[in-house]
Amino acid sequence: MPAEIDVAIIGAGVIGLATAHEITQGGKEVFVFEKNSTFGLETSSRNSEVIHAGIYYPEDSLKAKLCVEGKNLLYSFCDKHNIAYNKCGKIIVAADENEITQLEKLCDQGRRNGVDDLVLLARTELKKLEPNIQARAGLLSPSSGIFDSHNLLKFLYSQAREKGTEFVFDAAVIGIERAGAKYKVRIKDRDGTSAFIAHIVVNCAGLNSDRIAQLAGIDIVEAGYQLHYCKGEYFSLNSKYRNIVGKLIYPTPDQAGHGIHWRQALDGRVLLGPSAHYVQVIDYAVDETHKQYFYDSAKKFVPFVALEDLAPESAGIRPKLQGPGESFRDFVIAHEEKAGFPSLINLVGIESPGLTAALAIARYVGKMMS
């Protein structure tokens, strides 16, 4: 480990990997520090693997702009590097008149965000596309899909390494201190504690990004960077449900997430989820007593689902900036020079659509550094 480096990226989730892949091409000496034993073990690998279109987010928000840009970049990237995907499309379904009104608003929102292929579906049109779905109406998003996020992570990691990025695993950042225009970064690893100087620090620490910002000297309460953990669980369905639905099926969204949706993964498994409930502690256990809730949610639009066909699958945690009942919060991607921290870039609250937007987020950070 050299005494001084150009760029320290903290966190080897998809955002840290994509950022390393992007900026290493500029000839900078880049090190990525990850507290876990390898890359992508948290939010990046515990999600729906959905490529979002850019429908849900307020116009001109980073979430909207980077999702739309990121979706296009991601499909091209997958094509170029043989990463599997299925542009199967998505239908957001309405169960009643109130939800039809919501669909119309979502359609307008998406079009304002540059999603120009959305189609509102009457009941008969919906039935033609998905005969096994029961709903009053739908909003079709043809450019939504699913992809192999694990292979994306592996590819970004291997490419960043090939281009010269150094990865340091099992290395927790325990201190960040201004040293003129640079930063003294302390890490704790298997060999104890050590320190080095970084010209630029990029905080991509996901679930711990608020803590890393605080270590650097940011008042996270005053800055609005304090994170709230929102847990999402998944249940799988019996294999007899394979291929009865071709598209992603989403309910109209709720406050904390996009609602329990139906997804057939690339390997053919049929999955329901994620749910959304706020938690104080990070754990990835699935509560089997939540099966009834998943069943009730799915039965609204797939009435022949049977309770005994559901089984606990997996869980993930979203790093949300908004707490329970609070309104929309955008991604924080901030060069902290104005706050008195030159060459510190914080990425906080990178939840959905962060996976879809990852390549666009990396470009955005790269431009901040140029």
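When each of ILE91, ILE100 is tested for being in the same structural domain as ALA298 (by TED's automatic domain parsing), β-branched (Val, Ile, Thr), surrounded by 15 or more Cβ atoms within 10 Å (Cβ to Cβ) and assigned to a helix (DSSP H, G or I), the lone residue that passes is ILE100.
Entry remark, region 101-142: residues being under 18 Å from VAL245 (Cβ atoms), of a type outside the set (Val, Ile, Thr) and in contact (Cβ under 8 Å) with a residue 40 or more places away in the chain number 12 in total. If ASP60 satisfies every condition in (1) without any contact (Cβ under 8 Å) to a residue 24 or more places away in the chain; (2) under 17 Å from LEU152 (Cα atoms) but one, which is the exception? If we test ASP60 against (1) without any contact (Cβ under 8 Å) to a residue 24 or more places away in the chain; (2) under 17 Å from LEU152 (Cα atoms), just (2) comes out false. Of the residues making up region 19-74, those that are of a type in the set (A, V, I, L, M) and either in a loop (DSSP other than H, G, I, E, B) or in contact with an Asp or Glu (Cβ under 6 Å, 6 or more places away or on another chain) (or both) are LEU41, ALA53, ILE55, LEU62. Applying the condition of being over 15 Å from LYS300 (Cα atoms) and either in contact with a Pro (Cβ under 6 Å, 6 or more places away or on another chain) or acidic (Asp, Glu) (or both) to region 103-137 and asking which residue is surrounded by the fewest Cβ atoms within 10 Å (Cβ to Cβ) yields ASP116. Say we look at region 103-138 and pick out the residues that are polar (S, T, N, Q) and either touching a helix residue (DSSP H, G or I) at 6+ places or on another chain (Cβ under 7 Å) or part of a loop (DSSP other than H, G, I, E, B) (or both); which of these is farthest from LEU248 (Cα to Cα)? Taking the candidates together, the pick is ASN113. Looking only at residues in region 143-158 that are of a type in the set (Ser, Thr, Tyr) and in contact (Cβ under 8 Å) with a residue 12 or more places away in the chain, the one that is farthest from ILE92 (Cα to Cα) is TYR157. Being of a type in the set (Asp, Glu), modelled with pLDDT of 95 or more and part of a strand (DSSP E or B): is that true of GLU222 here? The answer is no for GLU222.
Residues checked against (1) outside the structural domain of ASP219 (by TED's automatic domain parsing); (2) aliphatic (A, V, I, L, M); (3) in contact with a Gly (Cβ under 9 Å, 6 or more places away or on another chain):
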{"site": "GLY259", "(1), (2), (3)": "yes, no, no"}
{"site": "TYR284", "(1), (2), (3)": "yes, no, yes"}
{"site": "TYR293", "(1), (2), (3)": "yes, no, no"}
{"site": "SER297", "(1), (2), (3)": "yes, no, yes"}
{"site": "VAL305", "(1), (2), (3)": "yes, yes, no"}
{"site": "ALA334", "(1), (2), (3)": "no, yes, no"}
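Inside region 233-249, can you point out the residues that are buried (at least 16 other Cβ atoms within 10 Å of the Cβ), closer than 24 Å to ASP287 by Cα and not aliphatic (A, V, I, L, M)? If the condition is that a residue be buried (at least 16 other Cβ atoms within 10 Å of the Cβ), closer than 24 Å to ASP287 by Cα and not aliphatic (A, V, I, L, M), then GLU233, TYR234, PHE235, SER236, TYR241 are the ones that fit. Highlighted here are the strands (runs of 3 or more DSSP E) found entirely within region 263-370 that include at least 1 residues which are crowded, with 20+ Cβ neighbours inside 10 Å: 270-273, 310-320, 332-335, 344-348.
Scanning region 167-181 for residues that are touching an Asp or Glu at 6+ places or on another chain (Cβ under 8 Å) and either buried (at least 18 other Cβ atoms within 10 Å of the Cβ) or among the acidic types (Asp, Glu) (or both) yields PHE167, ASP170, ALA171.
The values are calculated or read from the model by the stated rules, or taken from the named source; none is laboratory data. The structure displayed is predicted, hence computed values, not measured ones. Ideal geometry is used to build each Cβ from the backbone, glycine not excepted, and the neighbour counts take in all protein chains shown.
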